[in-house]
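Enquirer: Structure incoming, see below.
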Amino acid sequence: MPTYSEKVMDHFANPRNVGEIEDADGVGSEGNPVCGDMMEFYIKVDDGRLTDVKYKTFGCGAAIACSSMVSEMAKGKTVEEAKKITNADVAAELEGLPKNKLHCSNLGADALHKAIEDYESKAREG
Amino acid sequence: MRDVYFDYGATTPLRPEVVEAMLPYLKEQFGNPLSLHRYGEVPREAVEEGREKVAQLIGARSNEIYFTASGSEANNMAVKGIALMNEKKGKHLVVSAVEHLSVINAAQTMEKLGFEVTRVPVDKHGVVDPADVEKALRDDTTLVSIMHANSEIGTIQPIGEIAQVVKERSKAYFHTDAVATAGKLPVDVKELGVDLLSLAGNQFYGPKGAGALYIKRGSRIMPLIDGGVQEAGRRAGTENVPAIVGLGVAAELAAADMEERRAHLVPLRDRLIERLTSEIDDIYLTGHPTQRLPGHVSVVVEYIEGEAMLLLLSMQGVAASSGSTCTSRALKASHVLTALGIEPGLANGSLLLTLGRDSSMEDVDYFMEVFPPIVDRLRQMSPLYKEA
């Protein structure tokens, strides 16, 4: 097993905000089972704020920990603030990731941003 | 919680007799076997005794055994050594698609040096068809390397039949990587009909750093490690006396209780396979169902990923392994599972359990207590799993 920080192991063993949102305002998916990691993010937005963030993840310890951390970082933030969350922020909050697992943090941030894009495009149409 | 080691395929604990036998060579018998003075005597004898014991394990002569630091080194010595020595006769090598990376990558290196390599495909159980090997043979084939059994999926190959085809239809040397079988199943170089064979001590309760290559008398290789006169000039370097002694004792013990260990492992393996496939949905055994290593269970679990399974198992005291992309340091999907035609997403749900001497039915029961909830938990989290 790669050496994961305590924070990563905590988020892996006790992932926060796992689930789906049925009437989500935005849904974003990144990765695929062929590469070994896949995340689907669901967000609820009220008054420009992410009031709820949930996700489903297929992947390794780092993938699960990253999606948990992203959900925690994004919940309660404004849409603009959530857009600014980067993979580097995620890795830093997790107190570091093994080099070959850094791509998992990309996946988490990207999936969240896709969910936000989805929300914004729906909002434009609606 | 229970401490369960289900990763004997990675390495095995040393038997106490092996440790005992090695100790003097780690302490007072520190001499170099090549020394002419008295310090060399006992170590020199010990190395030759180890050589004789390894030879007996595989039905070979003592002077056909060459010690290496690992099975991987023995494989490299065979592939590169035969290829380079016979370059003028031909530059074509044949391997299977499921060989150990030390054979696959050694062959790839030879490709970069201007050799041609044919990789024989396998069926969905990972079995090599002798007819497919025959099709691959050419006038300029100098080496065929097909493993005796595969450590990732447990499948045992029909080496005797393949060797016959190679002998009858070509002038190539035939090498088998027997790292997964030597010391576990009967391996006789004459019965198998091979010219070269690799084995490794840490697979059968011997030390790490102790491998060997059998080279049939009359076959020549280009050494990988040039230098002094050790190993009849075929592999230079001061002998790792303690490791060789340990390897010899392990080989002797392995030969003595081989059938007993096999009879102990098969029921455990079969019970585990039966329970896994009946108590968990969407789980599939990889490798051949019956023509497989005695303690070997390999499955792919749909909708979830290997490393996550290993981490949760580890938290419950169970040590296991996986062939998923994330668990490979190179972040590459297992070439073996790929060769079986297993869809890459499913291959990432690989779980590999290898049982050994100290494994018990209590271990199997405990595993089946903790594993199904782990599968459920990860499936609940997975975007791929839709409950019926």
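Any read-out appearing in this document is the output of simple, stated calculations on the displayed coordinates, not a laboratory observation. Because the structure is predicted, anything quoted here is derived from the model rather than measured. No Cβ is skipped: glycine too gets one built from the backbone with ideal geometry, and neighbour counts run over all protein chains shown.
Enquirer: Residues in region B:166-200 near a label at B:ARG61, defined as backbone nitrogen under 14 Å from the 7 Å Cα→Cβ point?
Expert: Label zone hits: B:190.
Enquirer: Let me ask something else. Mind running the shape call on region B:106-168? Use the C-alpha gyration tensor, a ≥ b ≥ c as the square roots of the eigenvalues: rounded below 1.5 for a/c, prolate if a/b tops b/c, oblate otherwise.
Expert: Working: a/c = 2.11, a/b = 1.31, b/c = 1.61.
Taking the square roots of the gyration eigenvalues as a ≥ b ≥ c, region B:106-168 is oblate.
Enquirer: Helix A:61-74: angle to the longest alpha-carbon principal axis of chain A, degrees 0 to 90, nearest 10?
Expert: The angle comes out at about 40 degrees.
Enquirer: OK, next. Can you bin the protein assembly as shown into rounded, prolate or oblate? Criterion: square roots of the alpha carbon gyration tensor eigenvalues sorted a ≥ b ≥ c, rounded for a/c under 1.5, prolate for a/b above b/c, oblate for the rest.
Expert: prolate
Enquirer: Tell me which trypsin sites (Lys or Arg not before Pro) from region B:10-82 have a DSSP coil assignment and no more than 14 other beta carbons within 10 Å of their own.
Expert: Values: sites: B:LYS27, B:ARG38, B:ARG44, B:ARG51, B:LYS53, B:ARG61, B:LYS80; in loops: B:LYS27, B:ARG61.
Answer in residue order: B:LYS27, B:ARG61.
Enquirer: Across the residues of B:303-311, average count of Cβ atoms on other protein chains within 10 Å?
Expert: Neighbouring Cβ atoms belonging to other protein chains average 6 per residue here.
Enquirer: Could I ask something else about it? For a quick check of your reading of the filter: which trypsin sites (Lys or Arg not before Pro) in region B:152-230 sit in a DSSP loop and have no more than 14 other Cβ atoms within 10 Å? Let's see the in-between values first.
Expert: Details: sites: B:LYS167, B:ARG169, B:LYS171, B:LYS184, B:LYS190, B:LYS208, B:LYS216, B:ARG217, B:ARG220; in loops: B:LYS171, B:LYS184, B:LYS208, B:LYS216, B:ARG217, B:ARG220.
Here the sparse-neighbourhood loop sites are B:LYS171, B:ARG217, B:ARG220.
Enquirer: Taking the Cα atoms only, what angle lies between the long axis of helix B:38-58 and the longest principal axis of chain B, rounded to 10 degrees?
Expert: Taking Cα atoms only, the helix is inclined about 50 degrees.
Enquirer: Using only alpha carbon pairs under 8 Å that are at least six residues apart, calculate the relative contact order of region B:16-253 and give it in whole percent. Show your work: numbers first, answer last.
Expert: Numbers: 508 pairs, mean separation 65.0, N = 238.
Here the relative contact order equals 27 percent.
Enquirer: For chain B, what does the alpha-carbon gyration tensor say about shape, rounded, prolate or oblate, given a ≥ b ≥ c as the root eigenvalues, a/c under 1.5 as rounded, and a/b over b/c as prolate?
Expert: Oblate.
Enquirer: R0 = 30 Å: FRET efficiency of B:ARG220 with B:SER35, Cβ-based, nearest 0.05?
Expert: Efficiency for this residue pair is about 0.60.
Enquirer: Using helices alone, I'd like the mean residue ellipticity at 222 nm for the protein assembly as shown: each DSSP H run of four-plus residues gives -39500 (n - 2.57), total over residue count, nearest 500.
Expert: -13500 deg cm²/dmol
Enquirer: State, as an integer percentage, the relative contact order of region A:6-119 based on alpha-carbon contacts under 8 Å between residues 6 or more apart.
Expert: Value for region A:6-119: 33 percent.
Enquirer: Another question about this same structure. Inside 10 Å of the C-beta atoms of A:27-33, what's the mean count of C-beta atoms belonging to other chains?
Expert: What the average comes to for A:27-33 is 3.
Enquirer: Could you let me know the centre-to-centre spacing of region A:66-99 and region B:310-375, using Cα atoms, in angstrom?
Expert: Using only Cα atoms, the two centres lie 30 Å from each other.
Enquirer: While we're looking at this one, here's another question. Grab the beta carbon distance between A:GLU125 and B:LYS124, set R0 = 45 Å, and tell me the FRET efficiency rounded to 0.05. Intermediate results must be reported in sequence, preceding the final value.
Expert: Numbers: r = 48 Å, r/R0 = 1.06.
My answer for the efficiency is 0.40.
Enquirer: Relative to the longest principal axis of the C-alpha atoms of chain A, give the angle of the C-alpha long axis of helix A:102-125, reported between 0 and 90° and rounded to the nearest 10°.
Expert: 10
Enquirer: What fraction of the DSSP beta bridges in the protein assembly as shown is antiparallel, stated in percent and rounded to the nearest 5?
Expert: 65
Enquirer: Of all GluC sites (Glu not before Pro) in region A:1-100, which ones are in loop regions per DSSP and have a Cβ with at most 16 other Cβ atoms within 10 Å?
Expert: Passing sites in region A:1-100 are A:GLU20, A:GLU22, A:GLU95.
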